[in-house]
Amino acid sequence: MKISYNWLKEYISLDLDPHEVAGALTSAGLEVEDVIEWESVKGGLKGIVIGEVLTCQKHPNADKLSVTTVHIGNGTILPIVCGASNVASGQKVVVATPGTMIHKGQESFEIKKAKIRGEVSEGMICAEDEIGLGDSHEGIMVLPGDVQTGLKASDYFGVEHDVVFEIGLTPNRSDAASHIGVARDLVAALNFRTGAKKYTLNIPETPEISPEEPMKGISISVEDNKACPRYSGITLSGLRVGPSPQWLQNRLQAIGIRPINNVVDVTNFVMFETGQPLHAFDVQAIEGNHVVVRKLPENTAFVTLDGVERKLNAEDLMICNLHEPMCIAGVFGGLKSGVTAETTSIFLESACFHSRSVRRTSRNHSLQTDASFRFERGSDPEITVYALKRASGFLLQIAGGYVSSPIGDIYPEKVNPAKIRLSYNFVHKIAGQEIEPATVKNILSDLGILLLQEDKEGLEVEVPAFKTDVTRPADLVEEILRIYGYDNILIPDKINASVQPQAGADKDMLQNKIADMLSSNGFFEVMNNSLSRSAYSRIQVPASENEQVFVLNPLSSELDVMRQTLLFGGLETIAYNQNRKLSDMKLFEIGKIYRLINKPLSEQQSDPLLPYREEFRLDLFLTGQRFPESWRHKTEPFDFYDIRYYVDAVFHRLGIKTNQYVLEESNDNWFDFGLHYTSGGSSFASFGKLNTQITKHFDIKKDVFYATLAWETLLQVAGLSTTRYNEVPKFPAVRRDLALVLEKHVSFDDVKKIARESEPYLLSEVNLFDVYEGDKIPQGKKSYAVSFIILDKEKTLTDKIIDQVMGKILRQFEQKLGASLR
């Protein structure tokens with residue numbers, strides 16, 4: 001939001017440096033993100049003066065040029081070559097002296113002393129488009145003869161210099177969405193800084209409005225008083241629509257608003273002054289001379305000011321005449337009812353619309369306007385008539401005409417100001433230090449909050465309707481501390497805190513431990529949006545269409561549900577990077593997923609909890625090459641065993657023993673092939689190579705290996721795990737190898753499981769170091785080369801014991817797996 005310093009000074013007597021004002025606003029909670037110098041004419045006409053043409057002769061070497069001498073004051077006479085056909089001696093003209101920067105449109109250039117076709121030229125006689133004063137380039141500007149020679153052009157043309165504050169307005173501060181609102185905060189902040197009531201807020205008075213030539217006015221009816229608590233309007237006739245005066249154009253242009261015509265400009269001016277949006281309707285478009293505030297049937301067609309036909313929702317509040325809609329209430333006007341150059345009579349609307357209604361409509365139609373910006377944050381129902389009178393006074397001054405109807409005002413249920421009891425002890429408790437009662441009262445008074453009663457313990461106040469977010473004592477303390485300044489709250493010498501023991505594992509510590517471990521292994525952590533696309537439910541992945549949690553007011557159609565999986569965000573990240581030639585990635589994300597709770601409607605209605613559940617997940621992604629391209633490494637893409645290695649590494653880092661859980665082949669259709677760990681028949685870790693059809697959907701051309709782990713389940717298991725120290729064995733281990741011929745369906749996990757069951761005490765490790773299929777291996781079979789590490793911690797192994805162990809293991813392989821030695 002942009003605020004003009006010159007405009008602020010209409011409500012406060014200020015002579016402070018703009019940067020000091022910016023500091024005061026920021027400390028009061030209106031963060032000034034930028035301070036911008038603005039000039040009504042680009043460049044401020046610096047270096048440009050009024051001159052008098054003394055002589056004008058035809059250029060000896062060019063038919064279309066003239067050689068002139070121009071007096072620019074203080075006895076200085078410049079020779080200037082001019083190409084304009086209308087230049088003549090005796091004229092008062094606008095002269096750019098050497099060193100002046102000329103800003104013409106988007107181009108800029110410096111005036112320098114030069115020779116033009118052999119003649120010296122020390123300046124430029126300007127046309128209006130060359131210095132930003134108009135669009136004409138038919139010739140140089142010729143001024144009246146009584147203009148003082150040597151006068152600065154900026155003084156003659158009244159160039160205005162301003163400073164604009166770019167304020168990052170928080171959503172709760174609807175009261176500060178105007179120059180008067182910002183001025184109110186500034187008065188409070190400056191008075192607190194000076195310790196005296198030095199500054200006051202001067203709110204402009206409005207003229208009394210009464211019809212001069214009463215005619216049949218516009219009648220008003222409101223069918224939805226909840227969506228529109230108050231609706232005010234007045235009719236003005238005999239207006240002349242045209243350009244606004246320069247002062248009004250300057251005010252709007254300084255804050256980035258393009259002037260349109262005097263009627264629209266006045267409504268914009270009053271909105272940015274008071275925070276109350278206004279809308280002007282051409283009376284000719286109000287059929288039946290009746291304005292109806294109502295909702296229309298679903299999919300009613302309506303063409304807005306931008307020429308776009310929109311289909312209305314049944315909940316959209318509309319401003320209508322007797323037969324058709326004219327405006328989307330609080331958001332955007334209609335094409336047919338807008339003010340044009342032919343308009344002579346207008347109906348001026350000033351209303352209070354419910355913030356939720358405007359917010360919903362604005363989101364549904366993706367329409368963000370200055371009016372909706374204010375209504376969405378909450379508007380003041382008490383200011384509608386004041387804004388009407390303020391705008392009417394301006395229009396009567398600059399557009400002529402007269403008031404042709406009394407003010408119509410529909411306000412069935414007056415909004416009563418909130419009354420709040422505030423104790424000084426509560427202020428001290430929240431602030432963390434004692435604040436003098438006099439300071440509390442002064443700050444609240446400067447903010448427009450009325451003191452009703454006071455005693456030793458505290459006070460009772462009445463909060464004006466424009467402070468829509470102040471409803472509790474805590475809100476009042478926030479208002480006080482904004483002005484008092486959080487920097488003025490002293491930091492205590494010591495902080496007291498009660499430390500409570502936490503049962504089980506420290507979740508944050510374990511999360512940081514795993515994040516550090518993965519980062520140390522070359523992974524990058526990603527944090528994707530918790531919102532996703534409902535269309536993703538059609539992809540065959542771990543997401544169900546009937547479990548989607550839809551957002552009631554989505555920011556866009558592409559972010560309309562809460563994510564059911566971290567997979568889509570990860571694939572979007574991979575696609576984004578691969579499109580930028582970064583194809584080798586190791587990524588992980590720890591975040592929440594959301595799924596609807598499948599309960600009967602009766603149970604959902606009786607359940608006070610939200611109808612969805614949240615789960616933390618840890619997802620890993622591998623794609624591209626295992627190592628960066630180098631002469632030391634051959635090109636090796638990631639494979640299935642890489643993703644399994646990192647899953648097991650996470651388990652190991654958490655102290656989880658994988659042999660305690662069942663590892664099975666995954667039948668999930670989002671994997672081309674994969675495995676999952678299960679506990680009690682429920683999967684808590686799945687990993688494998690993603691289905692190629694899924695990666696193609698994201699235009700990812702390389703294989704992606706993916707793992708998803710139920711993080712909270714892992715933490716529960718990790719909390720039960722213990723790490724024990726084992727002494728280094730005193731006796732040597734022995735290795736024996738077997739080359740087993742097995743059926744193709746037999747997995748290494750089957751081999752390892754049977755081996756450990758056969759010898760649970762002496763068998764230390766079982767490893768697979770070669771797999772072979774081909775010549776000399778029967779059809780349908782394969783060969784596993786397996787190593788066995790045998791260790792007795794109590795004594796040295798003998799050949800006899802080793803042979804007994806290996807014989808027992810081999811017999812089990814033969815009986816249970818049909819294995820044979822190769």
Complete set of residues in region 219-238 that are of a type outside the set (Phe, Trp, Tyr), over 10 Å from Ser404 (Cα atoms) and in contact with a helix residue (DSSP H, G or I) (Cβ under 9 Å, 6 or more places away or on another chain): Ser219, Asp224, Lys226, Ala227, Cys228, Pro229, Arg230, Ser232, Gly233
Count of region 631-685 residues which are farther than 30 Å from Tyr725 by Cα and aromatic (Phe, Trp, Tyr): 6
Leading residue by the ranking (modelled with the lowest pLDDT) among those in region 170-189 that are surrounded by 21 or more Cβ atoms within 10 Å (Cβ to Cβ) and in a loop (DSSP other than H, G, I, E, B): Arg173
Residue within region 56-64 that is at positive phi and open to solvent by less than 40 Å² (accessible area, probe 1.4 Å) present: no
Pair list, Cβ under 7 Å, 6 or more apart: region 447-468 residue under 26 Å from Gly378 (Cα atoms) and without any contact (Cβ under 8 Å) to a residue 40 or more places away in the chain, other residue open to solvent by less than 10 Å² (accessible area, probe 1.4 Å) and assigned to a strand (DSSP E or B): Ile449/Val461; Ile449/Val463; Leu450/Val461; Leu451/Leu459; Leu451/Val461; Leu452/Val461
Residue that is farthest from Gly217 (Cα to Cα) [pool: residues in region 337-356 that are open to solvent by 10 Å² or more (accessible area, probe 1.4 Å) and in a loop (DSSP other than H, G, I, E, B)]: His354
Only listed residue being in a strand (DSSP E or B), more than 30 Å from Val477 (Cβ to Cβ) and touching a residue at least 60 places away in the same chain (Cβ under 8 Å), chosen from Ile3, Ile36: Ile36
Of all residues in region 772-822 being among the aromatic types (Phe, Trp, Tyr) and outside any helix (DSSP H, G or I), the one that is nearest to Lys752 (Cα to Cα): Phe788
Residue selected from region 748-764 under the condition open to solvent by less than 80 Å² (accessible area, probe 1.4 Å) and over 60 Å from the mean Cα position of the chain (by Cα), by the criterion farthest from Pro732 (Cα to Cα): Ser758
Hits in region 734-761 (condition: in a loop (DSSP other than H, G, I, E, B) and under 20 Å from Gln815 (Cβ atoms)): Lys744, His745, Val746, Ser747, Glu759, Pro760
For Ala196: the one exception among (1) under 26 Å from Ile383 (Cα atoms); (2) out of contact with any Cys (no Cβ under 8 Å at 6 or more places or on another chain); (3) not in a helix (DSSP H, G or I): (1)
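Conditions (1) surrounded by 10 or more Cβ atoms within 10 Å (Cβ to Cβ); (2) within 27 Å of Arg653 (Cβ to Cβ); (3) out of contact with any Gly (no Cβ under 7 Å at 6 or more places or on another chain); (4) at pLDDT 95 or above, marked per residue:
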| position | (1), (2), (3), (4) |
| --- | --- |
| Asp493 | no, no, yes, no |
| Val499 | no, yes, yes, no |
| Lys507 | yes, yes, yes, no |
| Leu510 | yes, yes, yes, no |
| Lys513 | yes, yes, yes, no |
| Gly522 | yes, yes, yes, no |
| Leu531 | yes, no, yes, no |
First in region 294-309 and at positive phi, second anywhere and aliphatic (A, V, I, L, M) and in a loop (DSSP other than H, G, I, E, B), Cβ under 9 Å, 6 or more apart: Asn299/Leu312; Asn299/Ala314; Gly307/Leu335
Residue tally, condition in contact with a Phe, Trp or Tyr (Cβ under 9 Å, 6 or more places away or on another chain) and among the acidic types (Asp, Glu), over region 760-798: 4
Matching residues in region 364-382 - criterion: being more than 24 Å from Thr304 (Cα to Cα) and in contact with a strand residue (DSSP E or B) (Cβ under 8 Å, 6 or more places away or on another chain): Asp380, Pro381
Residue within region 663-675 that is among the polar types (S, T, N, Q) and in contact (Cβ under 8 Å) with a residue 40 or more places away in the chain present: yes
Given (1) over 60 Å from the mean Cα position of the chain (by Cα); (2) of a type in the set (S, T, N, Q); (3) open to solvent by 50 Å² or more (accessible area, probe 1.4 Å), number of the condition Asn767 does not satisfy: (1)
Cross-chain or 6+ apart pairs with Cβ under 9 Å, region 69-86 first and outside any loop (DSSP other than H, G, I, E, B), then surrounded by fewer than 16 Cβ atoms within 10 Å (Cβ to Cβ) and of a type in the set (D, E, K, R): Val81/Lys115; Val81/Arg117
Single unsatisfied condition, Arg356 versus (1) modelled with pLDDT of 95 or more; (2) over 22 Å from Lys389 (Cα atoms): (1)
Selection status of Arg359, assigned to a helix (DSSP H, G or I) and out of contact with any helix residue (DSSP H, G or I) (no Cβ under 6 Å at 6 or more places or on another chain): no
Residue satisfying condition, being open to solvent by less than 60 Å² (accessible area, probe 1.4 Å) and among the acidic types (Asp, Glu), within set Glu33, Glu119: Glu119
Residue pairs meeting the criteria (Cβ under 6 Å; at least 6 apart or on separate chains; first under 19 Å from Ser783 (Cβ atoms) and free of Cβ contacts under 8 Å to residues at least 60 places away in the same chain, in region 731-743; second of a type outside the set (Gly, Ala, Ser) and outside any loop (DSSP other than H, G, I, E, B)): Arg735/Ile789
Any hit, region 7-21, residues being open to solvent by less than 30 Å² (accessible area, probe 1.4 Å), in contact with an Asp or Glu (Cβ under 6 Å, 6 or more places away or on another chain) and of a type outside the set (Ser, Thr, Tyr): no
Residues that are open to solvent by 20 Å² or more (accessible area, probe 1.4 Å), aliphatic (A, V, I, L, M) and under 13 Å from Leu742 (Cα atoms), drawn from region 784-822: Leu810, Leu817, Leu821
Test: residue in region 372-384 that is part of a loop (DSSP other than H, G, I, E, B) and either open to solvent by 20 Å² or more (accessible area, probe 1.4 Å) or farther than 30 Å from Asn172 by Cβ (or both): yes
Within region 404-465, strands (runs of 3 or more DSSP E) holding 2 or more residues that are closer than 27 Å to Leu348 by Cα and modelled with pLDDT under 95: 408-410
Output for region 230-262, where each listed residue is of a type in the set (Gly, Ala, Ser) and outside any strand (DSSP E or B): Gly238, Gly242, Ser244, Ala254, Gly256
Flag if Thr369 is over 28 Å from the mean Cα position of the chain (by Cα) and surrounded by fewer than 22 Cβ atoms within 10 Å (Cβ to Cβ): no
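The values are calculated or read from the model by the stated rules, or taken from the named source; none is laboratory data. Note that this is a predicted model, so its numbers are computed, not measured. Cβ coordinates were reconstructed from backbone atoms using ideal geometry, including for glycine residues, and neighbour counts include every protein chain displayed. Remember, those area values only see protein heavy atoms, side chains included, never the ligands or the DNA or RNA. Shrake-Rupley method; radii C 1.70, N 1.55, O 1.52, S 1.80 Å.
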